[in-house]
Amino acid sequence: MIKLELVNESTFKKIVDMKLPPEQNAFVAPNVVSLAQAWLCYDNARPYSVCNDDNVVGFIMLDWDEGERSVGIWRFMIAPEHQGKGYGRKALEATIKLACEAGTIDFLHLDYVQGNQIARDLYYSLGFRENGDIEDGEIIMILPLTDNPKLGMLTADDDDMEDFIELIKSEKEAGTSIPFEFEDSSYIEKAIEDGLVKRFTLMGDTIGLSINGVILMGNQNLSYLEEARQRL
Ligand SMILES: CC(C)(COP(=O)(O)OP(=O)(O)OC[C@H]1O[C@@H](n2cnc3c(N)ncnc32)[C@H](O)[C@@H]1OP(=O)(O)O)[C@@H](O)C(=O)NCCC(=O)NCCS
């Protein structure tokens, strides 16, 4: 039976030693790099051994983000000698089950390198769909777990700036009156640096932000304003 077990003292060497053949190397980073990143992103990274009974047959690392209510499949491989035996599919099914059962996750996301048709078809068969986005040359796929997503809230970082500028621009075009805090992008950048900015999300999309407690919620999503206030 396939199960996921957090990488531990007795499995990490097998995970580090698990290498792909050259033609698959471009599809996923070496596991030693993933484990180092798991340490750097300690709060969100969940590196699992894929075990068939007690045998380690693969590696999957999740980006578990309850703020955004998302789980990213960050890294995924089945050892070459175990590929094509159905373990990859079962490992993904176990991942989806884990996310469903948590009750705090609205969607899964992943990206794949263009041309990795086997992985892409596998994800597709499990319900993942391309959403049209490409990040660092990799194609993004999403699997919604609910039709009724809840409000996500995260402390913003530099990467969110582009979304904020777009949201503020479209709100201005829609005639929303914009509090002065949101008029000056260098002010927002400084507030992000100081940890004073929150990003509100729905299925990963930015629908609002707050600076020091002042909220700008997109006019399409005003029904979430009260909840956003309460969450701050
Ligand atoms: C992608 C990967 C994880 C799939 O794992 P796996 O255990 O081999 O997959 P499974 O045995 O569960 O098979 C899943 C499907 O892929 C197909 N498949 C697997 N290997 C295949 C191969 N070499 N050629 C053609 N089809 C293949 C299977 O037929 C199966 O399809 P089906 O369920 O419709 O019959 C594995 O190939 C891998 O580690 N690849 C290299 C790393 C990688 O690409 N990771 C993904 C990064 S996004």
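The values are calculated or read from the model by the stated rules, or taken from the named source; none is laboratory data. None of the values given here were measured: they were computed from a predicted structure. As a convention, Cβ positions derive from the backbone with ideal geometry for all residues, glycine included, and neighbour counts pool all protein chains shown.
Scanning segment 114-144 for residues that are in contact (Cβ under 8 Å) with a residue 40 or more places away in the chain and touching an Asp or Glu at 6+ places or on another chain (Cβ under 6 Å) yields no hits at all. Evaluated against (1) in contact with a helix residue (DSSP H, G or I) (Cβ under 8 Å, 6 or more places away or on another chain); (2) more than 30 Å from residue 149 (Cα to Cα), residue 73 falls short on exactly one condition, (2).
Yes or no: segment 108-130 includes at least one residue that is away from the ligand (no atom under 14 Å from the Cβ) and more than 22 Å from residue 12 (Cβ to Cβ).
At the first step, the residues of segment 108-130 found to be away from the ligand (no atom under 14 Å from the Cβ) are 129.
Checking which are more than 22 Å from residue 12 (Cβ to Cβ) leaves us with 129.
Yes, segment 108-130 has at least one match.
Selection over segment 79-103 of residues that are closer than 18 Å to residue 141 by Cβ, within 9 Å of the ligand (Cβ to nearest atom) and not basic (Lys, Arg) gives a count of 3.
Strands (runs of 3 or more DSSP E) fully within segment 160-232 that include at least 3 residues being surrounded by 12 or more Cβ atoms within 10 Å (Cβ to Cβ), over 21 Å from the mean Cα position of the chain (by Cα) and not polar (S, T, N, Q): 214-217. Do we find that residue 132 is outside any loop (DSSP other than H, G, I, E, B), at positive phi, within 24 Å of the chain's Cα centre (by Cα) and not basic (Lys, Arg) in this structure? Considered against the rule, which asks whether it is outside any loop (DSSP other than H, G, I, E, B), at positive phi, within 24 Å of the chain's Cα centre (by Cα) and not basic (Lys, Arg), residue 132 comes out as yes.
Check segment 47-58 and report whether any residue there is modelled with pLDDT of 95 or more, loosely packed, with under 15 Cβ neighbours inside 10 Å and not small (Gly, Ala, Ser).
Within segment 47-58, one or more residues are modelled with pLDDT of 95 or more, loosely packed, with under 15 Cβ neighbours inside 10 Å and not small (Gly, Ala, Ser).
When residue 180 is tested against the conditions (1) in contact with a Phe, Trp or Tyr (Cβ under 9 Å, 6 or more places away or on another chain); (2) at pLDDT 95 or above, the lone failure is (2).
I need the strands (runs of 3 or more DSSP E) fully contained in segment 14-90, keeping only those with at least 1 residues that are touching a residue at least 24 places away in the same chain (Cβ under 8 Å) and hydroxyl-bearing (Ser, Thr, Tyr). Talk me through it step by step, then tell me what you get.
Details: elements: 45-52, 55-65, 70-78.
Result: 45-52, 70-78.
Could you look through segment 65-78, keep only residues that are more than 9 Å from the ligand (Cβ to nearest atom) and buried (at least 18 other Cβ atoms within 10 Å of the Cβ), and pick out the one that is nearest to residue 38 (Cα to Cα)? Selected residue: 74. Screening residue 73 against (1) of a type in the set (A, V, I, L, M); (2) touching a Leu at 6+ places or on another chain (Cβ under 6 Å); (3) more than 27 Å from residue 132 (Cα to Cα) leaves a single unmet condition, (3).
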